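No value in this document is a laboratory result; all are computed from the given coordinates. Note that the structure is predicted; figures quoted are calculated from it, not measured. Here Cβ is always computed from backbone atoms with ideal geometry, including for glycine, and neighbour counts include all displayed protein chains.
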Amino acid sequence: MTFRTRTNLELAILELLNLMGATRIARVYETFADRFDHKHELMGKRHLELRWKNSIRQARRNLVWEGLVSRSARRGIWELTVKGKRLAILRSIPGDVQAIMDKIKARKGKR
């Protein structure tokens with residue numbers, strides 16, 4: 001399975017962190033490496049970074065902004081916040097996950 005949208009990647013990261021708890025970034029990379037098309041594609045001529053690793057970090061940044069993943073004091077360790085754990089639990093219940101994500105984003109926009 002590849003990630004067609006950033007939302008799919010973000011939800012996969014939430015699921016992984018919910019299952020594993022606090023996780024090193026290297027473990028996140030190992031888990032998702034084979035799920036990207038063009039695995040060896042670099043960001044651009046000036047960036048010596050793999051595009052898929054950048055996508056994972058951007059997805060994490062979005063989850064941090066949404067308050068779902070903590071800004072860990074331990075460098076390289078990712079873990080869910082209480083809000084992220086709640087969403088992971090809701091995600092395990094059949095229903096429209098995208099609607100839940102949209103509601104969270106709408107509430108954040110009202111603040």
- [ ] Quick one: which residues, 5 or more positions from V69 or on another chain, have an amide H under 5 Å from its amide H? H modelled 1.01 Å from N in the peptide plane, none for Pro or chain starts.
- [x] V64, T81
Open item on the list: From the phi angles alone, apply the Karplus equation (6.51, -1.76, 1.60; θ = phi - 60°) to segment 59-70 and give each ³J(HN,Hα) in whole Hz, x where the residue is Gly or Pro.
Closed with: 4, 4, 4, 4, 5, 5, 4, 7, x, 9, 10, 6
TODO: Just rank R86, R107, fewest to most, by other beta-carbon atoms within 10 angstrom.
DONE: R107, R86
